[in-house]
Structures are given as C-alpha cells and as structure tokens.
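Here's the structure, in structure tokens; my notes come after.
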Amino acid sequence: MIAKVLSYALNGLSGFKVEVEIDVNNGIPAFEIVGLADTAVKEAKERVRSAIKNSGRTIPTRRITANLAPADLKKEGSYLDLALAVGVLVSSAQLNAEVNDIIFLGELSLDGGIRKIRGVLPTLIDALNNGYKKFVIPFENKEEASFVEGIEVYPAKSLSDVIDHLSGLKPIEKLERKEYVIANKNKVYDSDMSFVKGQKMAKRALEVAVSGGHNLLFVGAPGTGKTMLAKCIPTIMPDMTFQEALETTKIHSVAGYLNGEEGIVYKRPFRSPHHTATTVALTGGGSNVRPGEISLAHNGVLFLDEMPEYSRSTLEALRQPLEDKVITIARATSSTTFPADFILCGSMNPCPCGNYGSTTKTCTCTPSQIAKYKAKLSGPLLDRIDLQVQVDEVKYAELSDETEGETSEQVRQRVNRTRLIQKERFIKDGILTNANMGEKHIKKYCILSKECESILKSAYENLKLSPRARARIIKVARTIADMSLYEEIRPEHILEAISYRQI
C-alpha cells in the first residue's frame, strides 16, 4: 500500500510543498529514502525506526521506500521526520486516518518525542498562501505559530500524541491565535541616552538617523563614547508594527535564534559582529544557506565597531544591500534572497593611535599611516553613509555634572512622532522611512526652494559630492524638517544635513 503525506521545505524564507510517498512492499527488509535528500534527511530513517518502536508500534519487516517529491529539489534538515513516520504507519495499516490535507512538520527523537525545528513561522505563512490550513507541528514551536491568522495548528509533544489525534482517540487541542501586543515590559535595556554626558551634536545626529532610518558613522578618539552612543540606538527606536515583527521573526526562526517563550521578536534587532567576522558571516550563505548578520539586523541596527579593522572585502559586501535593502546569495543550483533593511551604525578612530585632531593628546602617526587607515573605508561605502559625525572629547566638568539629560523614552516619543509623519506620507508608496525614498519620491516630497537649491549647489561643487550624496543630503533634510514639524524643507534643514557630510 502506498501512503502520501504532506510536509514542507524551506529555501531561504520561501517554501515548497514536499509530498512524502511511502511504499511498504515485499522484499529484503530495508528503508530507503530517495528524492535528493541531504545527509540529515537520509539519517531520518534511523530516527523514524526508533520513534515508531518506542511509541508502541512496529516497523514492518519488509522493504520500505520513501520518495520525497518533487525529486529534483534538494531537501535539507530534519523537519520531514514526522511526515515519514506517519507515512510508514499509514502505509503499513497501523494508522487509519485521512492525512491528505494536513502538513506535518517536526524532528523525531529516538524515544518518540517531537523536537523543535527552525523556520516554522515562514513555513506556515508560505503554506497558507498556497492554500494549506491544517498543520501538526512540534509543541515547542507553538508560540511562533500562534501569531498566524487563518490556520488550524495542532502542537504535538510526541509521535504517540499524533497517532492518537489522527485516530480520534485523544484529539490534540487546537492552538489559539494570539494578538500582537507591543510588550514594553519586555524591553529592558542597559543603556539610556541620559547616561551619555556631553556630545550634544552626536546625540542630535543619532536622533536624526533613527527618525529617518539613515546610516550613521561616528568618528572620534578612543573613550569618547562612540560605542555607548551606538548602544543607545535600540532604546530610541520606534516600536515594530506587526508586519515588521513578522518579517524579523521569520529571519530569526530560519536562523534558529528565536526565543521559544515569546514566539515573536518584539525588540528591534541590534547586531554587533566582531571585526574578525567573515564575509559569509555578514552576508549569509554556507552549504545550507542561512541568513547573515545583515539579515538578522533587518528592521533594526547593524553596529560595526572600529570599522577599519574589518576586512576590506567584508565591508565592500555591504554596498549592494545598503542600496537594495535585500541580499541575494547565488549558488550554482539556486539563489536565495533575504531582506536586509537595517540602519548601519559604524565607529572609527581618526587615525591608528586615535589622537589625530585631539586638543589634549599628541598624535604619533605619520601622514601616510593616517591616509592608509582612512583608506580602509572606500569612497563608495562612505558615500552610502548619510551622517558622518565627529565625536568630541568630553571635559571632566561634563562628566561630573549631576544634571540628568534627556532620557531615551523622551527621545523615542519624538522619534515615534516623526516616523508617524513619514508613515502617513508614504502610505501609498510602500515604504516607511525617508531613507528608503527613491528619485520619484524625492521629486514628489522634497521640493526645494531657490535658496535651498543654491546652498545645495554650493556644497555639491565645493565638497565635490556625488549625485548619490546629494540625494542623501536631501533625504536627511526631509527628516530634519519632519522633526521640526515643517511641511517644506527650509535652508536651515539643508545646512544641517550638509554639516553631517563634512568628515
């Protein structure tokens, strides 16, 4: 008897249906899996054998053949275990149930338990879009599945539970859907804007960057607070919408970094890879393609501390994602696209010793050493960083000042207000922030007066700016105008935006 059981496989964040066909026939006892399966899938036969035996059923002492269709697409991981086990039981007449419209997902343990797997959320969403509404998944994945609307999900702890459910002996309770509620109580940060002493211009630039989704670079001597400022970014970022939370959760689920208790990512990501990170670690890839740091930072922040210490090839790999907001990883047989819409925040010293331009310390670097150090950041990469800010040395009087500055919550309220203005402006354009504006949006929403054009023309010629830099100055000026609640861009907004391109 041939049994057909449905499961699902992932390629990046998109999935495809896998039809598991099981044939139990006469012949020398064996268990063969065909259909372009990787090692983890082929090893499933041993897990399935033990799980069935330890669930009170028997493995037929006959020849078992499992075909994973479509046979020309590679299947990776252990998520097909449950479907294989159910197929063997149905094919050997140990389970009499209709399974044609149910998607089975889960890895089996040897004792018959069902283990947590990666990528449940994107799998459910993709399968729902293709018309499937019933799912049996691991119990440990139930939290992330509870946020998907319009599906029936049955979280199972063991193969025995699944058998009893399908047989009608003890149905598994259907998972109730949860509503997305922004949980501020879960957002506890160690940093706060009120802890940063001095640095008025740097804090202003930080607020501008977050308000409009712009990239930011801090340049200053060691110990001036560049890293502390960067760590304050998550504390002032606006709350994620449900759609943003779903997008972020899908990526973290595929990567295996999802918090099983919450089931969804509430906090905007803040990723800070070490400078020894490889290009693949940053962009994603590997034999089983996984998202890299730039995708894990989607809808959040990618912080590169001491940017010149990263390899040149690693930094140059950022150029395309900074423009396109996606990263496409191409392989010989397939290509995978991950979203990569993040705020890039970098920091660097002005020279190798860090004292160039200091009023209190002497720089020991030669001009050639300084030039070589700065050349580690290419012109095209710097061109994509909207705000380049000098972080000044902090005087002792500022450090000892007990006056409490603005808190992150106060700044975040202004950021939320500015983001709301942009959301309403771009409601028909499919974007959320000024930083994502294209040329057609700039022409529509960033009309400049003659005085503003004159200022911008002078800066363009004197600073030898590129057309890209000009467009980014206009975007930053649009954000500054929104922060000041002005409908039009004024000369002071253009001047402030230009001041952030001086380094």
Separation between Cα centres of segment 392-412 and segment 214-240, rounded to whole Å:
14
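Obtain the radius of gyration and the Kirkwood radius of the chain from its C-alpha atoms and give Rg over Rh.
On the way: Rg = 27.4 Å, Rh = 25.6 Å.
My calculation of the ratio gives 1.07.
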Relative to 2.2 N^0.38 Å, what does the C-alpha radius of gyration of segment 80-160 come to as a ratio? Two decimals please.
1.06
Answer with one residue from Val136, Leu246, Thr61: the one whose Cα lies farthest towards the positive end of the charge dipole of the chain, charges on Cβ with Lys, Arg +1 and Asp, Glu -1.
Leu246
For Ile343, enumerate residues with amide H under 5 Å from its amide H, sequence gap 5+ or separate chain, H modeled in the peptide plane.
Gly300, Val301, Leu302
Using amide H atoms built 1.01 Å from N in the peptide plane, name the residues 5+ places from Arg290, or on other chains, whose amide H lies under 5 Å from its own.
Gly285
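Roughly what percent of Cα-Cα pairs across segment 14-79 reach past 18 Å?
39
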Tell me, what does the Kirkwood hydrodynamic radius of segment 380-448 come to in angstroms if you use every pair of distinct C-alpha atoms?
15.7
Amide H proximity to Val18 below 5 Å, modelled H, separation 5+ or other chain, gives Ser7, Tyr8, Ala9
DSSP-defined beta bridges in the chain - what % are antiparallel, rounded to 5
45
In whole Hz, what ³J(HN,Hα) sequence does segment 60-76 give by Karplus (6.51, -1.76, 1.60; θ = phi - 60°), x for Gly and Pro?
x, 7, 9, 8, 10, 10, 10, 10, 9, 9, x, 6, 9, 10, 6, 10, 10
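Keeping the other protein chains in place, figure out the carbon and sulfur percent of the accessible area of the chain, with a 1.4 Å probe.
Details: 11640 of 23150 Å².
Taking all protein chains in place, the chain shows 50 percent carbon and sulfur surface.
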Applying the Karplus parametrisation 6.51 cos²θ - 1.76 cosθ + 1.60 with θ = phi - 60° to the phi angles of segment 410-426, what ³J(HN,Hα) value in whole Hz is obtained for each residue in order, glycine and proline being reported as x?
5, 5, 5, 4, 5, 4, 4, 5, 5, 5, 5, 4, 5, 4, 5, 5, 9
For a test of the definition: using alpha carbon positions, the gyration tensor, and the 1.5 limit on a/c, classify segment 358-503 as rounded, prolate or oblate.
oblate
If you average over every viewing direction, what projected area does the convex hull of the Cα atoms of segment 93-240 give, in nm²?
13.8
Convert each backbone phi in segment 480-492 into a coupling constant with the Karplus relation 6.51 cos²θ - 1.76 cosθ + 1.60 (shift: θ = phi - 60°), then list the ³J(HN,Hα) values in order as whole Hz, x for Gly and Pro.
4, 5, 5, 5, 8, 6, 9, 6, 10, 7, 9, x, 5
Within segment 150-274: Cβ-based charge dipole about Cα centre, in debye rounded to nearest 20 (Lys, Arg +1; Asp, Glu -1):
740
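Can you give the accessible area per residue of segment 122-239, in Å², using a 1.4 Å probe?
On the way: 5070 Å² over 118 residues.
Here the residues of segment 122-239 average 43 Å² of exposed surface.
Expressed in nm to one decimal, what extension gain is obtained for the pair Glu262 and Arg414 from 0.36 nm per residue of sequence separation less their Cα-Cα distance?
Numbers: separation 152, 0.36 × 152 = 54.72 nm, distance 2.80 nm.
In short, 51.9 nm is gained.
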Return the calculated 222 nm mean residue ellipticity for the chain, to the nearest 500 deg cm²/dmol, obtained by summing -39500 (n - 2.57) across DSSP H runs with n ≥ 4 and dividing by the residue count.
-10000 deg cm²/dmol
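The values are calculated or read from the model by the stated rules, or taken from the named source; none is laboratory data. Model, not experiment: these values are computed from the prediction. FYI the Cβ positions are ideal-geometry reconstructions off the backbone, even for glycines, and counts take in every protein chain you see. Areas reflect the complete protein model, heavy atoms only, side chains present, ligands, DNA and RNA absent. Shrake-Rupley method; radii C 1.70, N 1.55, O 1.52, S 1.80 Å.
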